[in-house]
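Presented below is the structure to which this report refers.
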Amino acid sequence: QVILVESGGRLVQTGDSLRLSCVASGGRFSNYAMGWFRQAPGKEREFVATISWGGKNTLYADSVKGRFNISRDSAKNTVYLQMNGLKLEDTAVYYCAADPAPRWRDYKGYKYWGQGTQVTVSS
């Protein structure tokens, strides 16, 4: 059983930067690919970014490419999402996810989920 705990979400203004963190416990961190997803009110959960087991490979949603950066620190069992140039449409609950063999961009392909952290971008 892998437990994921996100943190770092808060109210920011457009153009600001924010870094989300997700600490994993209960399993060998290197066995899991990690992903970030988000869900806005009334919308389906959507893919944001994912990173492979060793951190060598990453994928991003087109909407965040060039603004967000996903990384992982195996010494801290933590995955990060650095978000720059935040826009109003980035407002959502952000979820961390883990799976030993994920379907990368598909949220249904991740077994373990955190409780989410709220990011609100205001003008």
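The values are calculated or read from the model by the stated rules, or taken from the named source; none is laboratory data. If you're wondering where the values come from, they're calculated on a predicted model, not measured in any experiment. Every residue, glycine among them, receives a Cβ derived from its backbone with ideal geometry; neighbour counts consider all protein chains shown. Accessible surface is based on the protein model in full, side chains and every heavy atom, while ligands, DNA and RNA are left aside. Shrake-Rupley method; radii C 1.70, N 1.55, O 1.52, S 1.80 Å.
Taking springs between alpha-carbon atoms closer than 10 angstrom, which of 42, 27, 66 fluctuates most in the Gaussian network model of the chain?
42
Please compute the per residue accessible area over the chain with all protein chains in place, 1.4 Å probe, rounded to a whole number of Å².
Heavy-atom SASA per residue in the chain reads 51 Å².
For the range 6-90, which GluC sites (Glu not before Pro) are in a loop by DSSP, counting at most 15 other Cβ atoms within 10 Å?
44
Taking every alpha carbon pair in the chain, what does the distance histogram look like in 10 angstrom bins from 0, in percent?
Result returned by the calculation: 15, 51, 29, 5, 0.
Under a cut-off of 25 Å between alpha-carbon atoms, report the lysines in cross-link reach of residue 87, not counting same-chain residues fewer than 8 places apart.
43, 65
What is the ratio of the Cα radius of gyration of the range 10-70 to 2.2 N^0.38 Å, with N the residue count, to two decimals?
1.26
Placing one identical point scatterer on every Cα of the range 49-105 and ignoring solvent, what is log10 I(q)/I(0) from the Debye formula at q = 0.15, 0.16, 0.19 Å⁻¹?
-0.46, -0.52, -0.73
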